[in-house]
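Colleague: Let me give you the structure first, and then I'll get to my questions.
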Amino acid sequence: RMPSLEACYNLMDFEAVARQVMKKTAWAYYSSGADDEITMRENHAAFHKIWFRPRILVDVEHIDMSTTMLGTKCSIPFYVTATALGKLGHPEGEVVLTRASHQHDVIQMIPTLASCSFDEILDAKQGDQVQWLQLYVNKDREITRKIVEHAEKRGCKGLFITVDAPQLGRREKDMRSKFSDPGSNVQSGGDNIDRSQGAARAISSFIDPALSWKDIPWFKSITNMPIVLKGVQCVEDVLRAVEAGCDGVVLSNHGGRQLETARSGIEVLAEVMPALRERGWEKRIEIFVDGGVRRATDIIKALCLGATGIGIGRPFLYAMSAYGLDGVDRAMQLLKDEMEMNMRLIGATSIAELNPSLIDTRGLLGG
Ligand code: FNR
């Protein structure tokens with residue numbers, strides 16, 4: 001029997017319910033990682049190598065969790081990252097995430113491979129809600145140009161170009177499940193879909209493996225949205241992104257779905273921030289991180305290291321698949337409650353107060 005929503009006390013609880021209630025093919029697509037799923041597991045485990053150094057006797061009666069990402073305000077420094085094929089989990093798809101994001105004043109990243117059309121997701125936006133666009137770059141650049149221009153015209157506030165997927169990783173669970181119906185209106189895929197290799201591979205054949213640093217000026221020429229590279233995995237490429245004039249990077253390994261035994265985003269963050277500070281570049285670029293974030297303590301650790309924003313993927317998909325809008329609403333509220341409590345226990349009253357002296361990273365950096 002399905003547990004009630006009130007019995008979910010943390011993000012892992014939603015995963016357990018989703019696993020029970022989701023269709024096998026949908027579960028396989030959402031939950032899978034590349035190869036042996038070592039990176040996928042490490043994404044979460046890496047957070048456990050960081051410990052807190054809380055400060056006592058700080059007046060923590062009032063906690064302000066609000067922050068600014070790419071120039072727009074939001075209630076809390078996590079965002080809903082782009083995850084394809086929302087209708088595998090819920091008949092209404094990505095717009096469920098849009099509504100929950102609005103309720104919580106959280107930013108949503110719209111995936112190129114959404115099940116809903118872009119306009120459905122853009123139309124679901126309420127008030128001054130903020131959305132970003134995740135872009136898979138098509139071999140046909142005119143298709144890409146149209147998507148970008150349309151997103152900007154419809155008010156998207158950031159362009160996240162995925163750079164870790166020139167070819168889709170092998171997610172064997174997904175491949176085995178022989179996905180047959182993406183339930184989707186996939187927007188850039190073309191019609192001759194090969195369904196024998198799992199959902200991911202079926203929908204991604206249009207992605208341009210020739211995309212390179214040389215293309216960045218073109219993106220800057222076609223949009224005024226801030227440009228963020230999603231899937232950067234070492235300090236050298238972060239420095240190069242600064243030099244190329246990018247506004248941000250997401251330190252991410254695509255939720256462990258691409259290169260197996262890639263490092264966790266949080267470990268890369270620990271490598272990146274000192275190098276930026278050494279050069280005085282930490283204000284020139286915003287550093288986002290995703291992968292394995294399941295607790296507010298994970299979020300706080302990334303913020304202490306210097307991240308601007310933290311992306312969360314699967315947990316919101318699972319909450320949506322299990323309980324629809326109410327599930328995502330509760331998942332976000334649980335995170336907010338955890339975050340407020342833990343900031344109090346650490347002795348920080350605002351996001352700006354989170355800094356490296358509040359964490360011990362020896363376990364992460366030492367081995
Ligand atoms: C993703 N991710 C992803 N990223 C992207 O740039 N474009 C995409 O279409 C997708 N699709 C996608 C589908 C599913 C089912 C998952 C789980 C992930 C990667 C995503 O944006 C993010 O990097 C990870 O999901 C973060 O890890 P967690 O939070 O899922 O552990």
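The values are calculated or read from the model by the stated rules, or taken from the named source; none is laboratory data. Please read these numbers as outputs of a predicted model, since none were measured by experiment. Backbone-built Cβ (ideal geometry, glycine too); neighbour counts: all protein chains shown.
Colleague: Which of (1) farther than 28 Å from Arg154 by Cβ; (2) away from the ligand (no atom under 16 Å from the Cβ); (3) surrounded by fewer than 22 Cβ atoms within 10 Å (Cβ to Cβ) is the odd one out, the single condition Ile222 does not satisfy?
Modeller: Among (1) farther than 28 Å from Arg154 by Cβ; (2) away from the ligand (no atom under 16 Å from the Cβ); (3) surrounded by fewer than 22 Cβ atoms within 10 Å (Cβ to Cβ), Ile222 violates only (1).
Colleague: When only residues in segment 26-59 that are among the β-branched types (Val, Ile, Thr) and either touching a helix residue (DSSP H, G or I) at 6+ places or on another chain (Cβ under 7 Å) or within 11 Å of the ligand (Cβ to nearest atom) (or both) count, which is nearest to Thr261 (Cα to Cα)? Step through it out loud before you land on a result.
Modeller: Within segment 26-59, the subset among the β-branched types (Val, Ile, Thr) is 38-39, 50, 56, 58.
Okay, now just the ones that are also either touching a helix residue (DSSP H, G or I) at 6+ places or on another chain (Cβ under 7 Å) or within 11 Å of the ligand (Cβ to nearest atom) (or both), so 39, 50.
Working: Thr39: 5, Ile50: 20 Å.
Going through the qualifying residues, I end up with Thr39.
Colleague: Right, next: For segment 327-350, how many residues are of a type outside the set (Ser, Thr, Tyr), more than 18 Å from Arg294 (Cα to Cα) and surrounded by fewer than 18 Cβ atoms within 10 Å (Cβ to Cβ)? It would help to see each step written out before you state the result.
Modeller: From segment 327-350, those of a type outside the set (Ser, Thr, Tyr) are 327-348; that's our starting set.
Filter once more, so that each one left must be more than 18 Å from Arg294 (Cα to Cα): 344-348.
Then keep just the ones that are surrounded by fewer than 18 Cβ atoms within 10 Å (Cβ to Cβ); that gives 344-345, 347.
Of the residues in that region, 3 qualify.
Colleague: Name the single residue that is nearest to Ala302 (Cα to Cα) among those in segment 312-332 being part of a helix (DSSP H, G or I) and small (Gly, Ala, Ser).
Modeller: Taking segment 312-332 as the starting set, the residues that turn out to be part of a helix (DSSP H, G or I) are 314-332.
If we keep only those that are small (Gly, Ala, Ser) as well, we get 319, 321-322, 324, 327, 331.
Values: Ala319: 23, Ser321: 27, Ala322: 28, Gly324: 28, Gly327: 25, Ala331: 19 Å.
Selected residue: Ala331.
Colleague: Additional query: State all residues of segment 250-264 that are touching a Leu at 6+ places or on another chain (Cβ under 8 Å) and either over 15 Å from Ala82 (Cβ atoms) or away from the ligand (no atom under 16 Å from the Cβ) (or both); if no residue qualifies, say none.
Modeller: Passing the criteria: only Leu251.
Colleague: Those residues that are surrounded by fewer than 19 Cβ atoms within 10 Å (Cβ to Cβ) and under 22 Å from Cys74 (Cα atoms), I need them from segment 105-128; list them, please. Reasoning before the result, please.
Modeller: From segment 105-128, those surrounded by fewer than 19 Cβ atoms within 10 Å (Cβ to Cβ) are 105, 117, 119-120, 123, 126-128; that's our starting set.
Hits for segment 105-128 are Asp105, Asp123, Gln126, Gly127, Asp128.
Colleague: For segment 278-307, which residues satisfy the criterion of being farther than 30 Å from Pro91 by Cα, within 16 Å of the ligand (Cβ to nearest atom), outside any helix (DSSP H, G or I) and among the β-branched types (Val, Ile, Thr)?
Modeller: Across segment 278-307, the qualifying residue is only Ile287.
Colleague: I've got another one for you. Taking interchain pairs and intrachain pairs at least six residues apart, which have beta carbon atoms under 6 angstrom, with the first residue in segment 229-247 and assigned to a helix (DSSP H, G or I) and the second away from the ligand (no atom under 16 Å from the Cβ) and modelled with pLDDT of 95 or more?
Modeller: Pairs that qualify, where the first residue is assigned to a helix (DSSP H, G or I) and the partner is away from the ligand (no atom under 16 Å from the Cβ) and modelled with pLDDT of 95 or more, are Val235/Glu271; Val235/Val272; Val235/Ala275; Val238/Val272; Val242/Trp281; Val242/Arg284; Val242/Ile285.
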